[in-house]
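First up is the structure itself, then whatever we jot down about it.
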Amino acid sequence: MIALELDRVSREYQTPAGNAYRAIADISLQISAGSFVAVVGPSGCGKSTLLNVAAGLQPPTSGVVRAEGRELNGLNRRATYMFQQDALLPWKSVLDNVALGLTLAGHPRVSAHARADEWIARVGLSAFRSHYPSQLSGGMRKRVAMAQNWIIDRPIVLMDEPFSALDVHTRQLMETELLSLWDEGTARRTVVFVTHDLEEAIALADEVIVLSAGPASGVVARYPVPLERPRDLMELRTTTAFVELYKSIWSVLREEVVKSQQGEAVRAR
Amino acid sequence: MRAEGVTRASVRAWQLAVGVAFVAAWQAGVSFRLLDPFFFSRPSDIAARVGTWVSNGSIWRHLAVTLEESLLGLLIGSAIGIALGFGLARSPFAARVLDPYITMLNAVPRVVLAPLFLLWFGLGIWSKVALSVTLVFFVMFFNTYQGVRDADRVIVDNVRMLGATERQLMRHVLFPSALTWIFSSLHTSLGFAMVGAVVGEYLGAARGLGYVIAQAEGTFDTTGVFAGMTVLSAVVAIVGAGVTRLERYLLRWKA
């Protein structure tokens, strides 16, 4: 089954100067249910735009987005979205932040809190349930954000460079936790994970999608990642299979990165 | 923690020192005839006057009226200001339509309105409340408007993705976000509410601190004027400290 489909989707912006800037052009993608897909590309290639369009936060300028076969009209109610920046509500405690999705859906307070407590335990923050986000470390805030997203049972999970602000070790820990969340239970959710880090993309995903340098980014290539699961992220990066895959994807990605840097140099002049 | 405690104590000590130095200089200036007591009175006389007012109880009913007017002004002005601030922040079209009118109204000096309010609402408390409202409203309005517009875009998107309706968005994000701004303006609003009430009383009333001060002025009783000002300032300081505590509680999530 196809969980998420983009059908010749383009998205343009008005620049402050009044020109139209085409972020993504004519992207067609089908992402099958239960798969973990990573989207990589040079900076400014419209990765976030792609995700925002898939989330329904921005309507496509042309083309159609379908979530589980239904054409999107407004927000994507089949998906959750984990943002690159901190998106927790600073005035709510960890408990209330995690319970928020249930509260909004009208669940009674007691049962919402009970389920939130389970999720807080799952991400290992039971001791911090009454803390406010400002009292937590960056990694802890990301765990809260994961729990906040995963507690509402939606089949599609969109993630926009969620761990890019973390240090390398915390990041690896979070990646491991993300994989174990995704892997447990009977029905896997569909994850679309945007990152600029090819290593992270290969380590996590079933498939890596490479976008071209902007403007008017499109899909350059799609690579299946045939690495076995469950994966040990501590060891994986040094295995031959990983390194081979990295080399072959990087040879394509590198060209786009170079193009994007040249483009920036031209714009800077 | 220790360093913080030391700092707080030293701030308190210096606050006290500044006050004492000012009062002492004033007292000395009058004693050595550098200042004319007819125009400047004396701190000791002023303190004695406040003491008399408190001990014979005559000040309380005036104070009670002024506080009632200020509080009503603060409540009504805040309610209208917050409601309209919210409304216009969520409706950019209406905001653009009303913008010049709001600017114009805010530019009207409130003293000019006082006689009108006396005509419209009479000599009782409501003409003073109205004056308070015109002052408090604008502070609250501008801060709420700014606070709602200032709400973090990412948090708003996140909460919408989590399933919030427009009303839930207001309740869970926009209002708490605006609360920071509303609270930072509450100290200003509180002062304005008192100013509105006292100016109203000053221009025409039968009781209230403004009335007391106006009466004293009418008989060139500078001691009475300064005593009235002292009571007024003390009350603002006490209520302001209460607001600070409330603010600290409601904004406890801030780092």
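Odds and ends about this structure:
- Simple Cβ-charge dipole of segment A:86-153, Lys/Arg +1 and Asp/Glu -1, about Cα centre, in debye nearest 20: 100
- Across every direction, the projection of the convex hull enclosing the Cα atoms of chain B has a mean area of 18.3 nm².
- Over 18 Å [Cα-Cα, segment A:86-153], rounded percent: 23
- 222 nm mean residue ellipticity, helices alone, for chain A (DSSP H n ≥ 4; -39,500 (n - 2.57); rounded to 500): -12000 deg cm²/dmol
- In plain terms, the residue of A:M159, A:M140 with the fewest other Cβ atoms within 10 Å comes first and the most crowded comes last, giving A:M140, A:M159.
- Summary value for segment A:86-153: 50 percent relative contact order, contacts being C-alpha pairs under 8 angstrom separated by 6+ residues.
- Mean per-residue shielding of peptide A:83-93 is 6, counting Cβ atoms of other chains within 10 Å of each Cβ.
- Adding -39500 (n - 2.57) for every DSSP H run of four residues or longer, then dividing by how many residues chain B holds, sets the calculated 222 nm ellipticity at -28500 deg cm²/dmol.
- Between the Cα long axis of helix B:110-121 and the first principal axis of chain B there is an angle of about 90°, rounded to the nearest 10.
- Ranking of B:H62, A:H131, A:H169 by count of other Cβ atoms within 10 Å, fewest first: A:H169, A:H131, B:H62
- From the Kirkwood radius over Cα pairs of chain A, Stokes-Einstein at 4 °C and 1.567 mPa s returns a whole-number translational diffusion coefficient of 67 µm²/s.
- Using θ = phi - 60° in the Karplus curve 6.51 cos²θ - 1.76 cosθ + 1.60, the 3J(HN,Hα) couplings for segment A:64-70 round to 10, 10, 10, 10, 6, x, 9 Hz; x is entered for Gly and Pro.
- Among B:V156, B:I46, A:F83 - extreme Cα towards positive end, dipole of the protein assembly as shown, charges at beta-carbon: B:I46
- Dipole of segment B:54-250, positive end: most advanced residue of B:G218, B:V108, B:M140 [Cβ charges, Cα centre]: B:M140
- Kirkwood's formula applied to the C-alpha pairs of segment A:59-172 gives a hydrodynamic radius of 15.1 angstrom.
- Partners of A:K47 within straight-line reach, counting lysines whose Cα lies under 29 Å from its Cα and excluding those fewer than 8 residues away in the same chain: A:K142, A:K247, A:K259.
- Pairs of Cα atoms nearer than 8 Å and 6+ residues apart set the relative contact order; for chain B it is 24 percent.
- With the convex hull of the Cα atoms taken as the outline of segment A:138-179, the averaged projected area works out to 2.9 nm².
- Principal-axis tilt of helix A:240-268 within chain A, Cα atoms, nearest 10 degrees: 70
- Residue among A:L72, A:Y246, A:S260 farthest towards the positive dipole end of chain A, charges placed on Cβ: A:L72
- Chain A, relative contact order [Cα under 8 Å, separation at least 6], %: 26
- Cβ-based exposure ranking for A:R11, A:R66, in which fewest neighbours within 10 Å come first: A:R66, A:R11
- Between helix B:125-149 and chain B there is an angle of about 40 degrees, using the helix long axis and the longest principal axis of the Cα atoms.
- Computed with the Debye formula from one identical point scatterer per Cα of the protein assembly as shown, without solvent, the log10 of I(q)/I(0) at q = 0.07, 0.10, 0.11, 0.13 Å⁻¹ comes to -0.59, -0.91, -1.01, -1.24.
- The H on the amide N of A:A3, modeled in the peptide plane, is under 5 Å from the matching H of A:I31, A:S32, A:A33, each at least 5 residues off or on a different chain.
- Dipole in debye (nearest 20) - chain B, about Cα centre, beta carbon charges: Lys, Arg +1; Asp, Glu -1: 680
- Each Lys and Arg adds +1 at its Cβ and each Asp and Glu adds -1 at its Cβ; summed about the Cα centre, the protein assembly as shown shows a dipole of about 900 debye.
- Burial order of peptide ranges B:119-131, B:26-38 (average beta-carbon count within 10 Å, highest first): B:119-131, B:26-38
- Structural size metrics of segment A:1-109, computed from C-alpha coordinates, are Rg and Dmax of 16.3, 49 Å.
- Percent of beta bridges antiparallel (DSSP, the protein assembly as shown, rounded to nearest 5): 55
Every number here is computed from the coordinates shown, using simple stated rules; none is lab data. Keep in mind it's a predicted model, so treat the numbers as computed, not measured. Backbone-built Cβ (ideal geometry, glycine too); neighbour counts: all protein chains shown.
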